[in-house]
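Worksheet: the structure to be examined is printed underneath.
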Amino acid sequence: MNLGFQEQTVGRHKASGAPVGLNHEFAPLDLDAKDKDGNYVIAENAHVRLAAAASNGGAQILRRPYSYNDGVNFTAERWPPWRQGMEYDAGLFFLSYQRDPRTGFIRIFENMAKLDMMNQFATHVGGGHFACPAGIRQNEFLGQRLFA
């Protein structure tokens, strides 16, 4: 994909990480900014717009992506049509942290699942939810506040 389309899909400049239309990586998103033709500078279906708290009723999550590349797997079929090829074993581990997935990740993901331009480039292959209990106070058992 050409650079302009990549930046429109994500909503950030590839070289700097700055929101489209801005110069600094940590500049706040300006979701109301429009170009001279009246179009949003950050596309309406850009990943950063759909993930922003302003687009999700204030829902926020702490997220951490970890990319991986485990090389190439060579494939050869032993039956017709006898195809051969290579598959790249590469991707992204996406971790997110929040108090309640229903008011965090799920609320944000509902918009993204329907409209995010990045969906055409991503394939979800697994997931899980894990509870992390808080520390133990005196006269409590481990994870007690999870059941309150």
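The values are calculated or read from the model by the stated rules, or taken from the named source; none is laboratory data. Here the structure is a predicted model, which is why all the values come from computation and not from measurement. Every residue, glycine as well, gets a Cβ built from its backbone with ideal geometry; the counts of neighbours run over all protein chains shown. We work out accessible area using only protein heavy atoms, side chains counted, and drop any ligands, DNA or RNA first. Shrake-Rupley method; radii C 1.70, N 1.55, O 1.52, S 1.80 Å.
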### Task
Positive end of the charge dipole of the chain (Lys, Arg +1 and Asp, Glu -1 on Cβ, about the Cα centre): tell me which of Gln84, Leu29, Phe147 has its Cα farthest that way.
Phe147
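Sort Thr9, Thr123, Thr75 by accessible area with a 1.4 Å probe, largest first.
Working: Thr9 5, Thr123 120, Thr75 60 Å².
Solvent-accessible surface, decreasing: Thr123, Thr75, Thr9.
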### Query
How big is the accessible area of Ile108 in square angstrom, nearest 10, if you roll a 1.4 angstrom probe over the protein chains?
10 Å²
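Measure off, as a whole percent, the carbon and sulfur share of the 1.4 Å-probe accessible area of the chain, all protein chains present. It would help to have the intermediate numbers written out before the result.
Working: 6370 of 11820 Å².
Whole-percent figure for carbon plus sulfur exposure: 54.
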### Task
Using a cut-off of 13 Å between beta-carbons, work out the net charge of the residues near Tyr97 (Lys and Arg +1, Asp and Glu -1, Tyr97 not included).
+2
## Note on the structure
Amide H proximity to Arg12 below 5 Å, modelled H, separation 5+ or other chain, gives Val20
#### Entry: Rg over Rh [alpha-carbon atoms, Kirkwood Rh] for the range 86-143
1.14
#### Entry: Å² of accessible area per residue within the range 23-148, as computed with a 1.4 Å probe and no ligands counted
84 Å²
### Query
What Kirkwood hydrodynamic radius do you get for the range 37-148 when you take the inverse of the mean 1/r over all pairs of distinct Cα atoms, in Å?
18.0 Å
### Query
Any idea how far the Cα center of the range 12-60 sits from the one of the range 90-148, in Å?
23 Å
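If you place +1 on the Cβ of every Lys and Arg and -1 on the Cβ of every Asp and Glu, how big does the dipole about the Cα centre of the range 1-142 come out, in debye to the nearest 20? Provide the component values of the computation, followed by the final result.
Values: 14 positive and 15 negative charges, 52 e Å.
Rounded to the nearest 20 debye, it is 260 debye.
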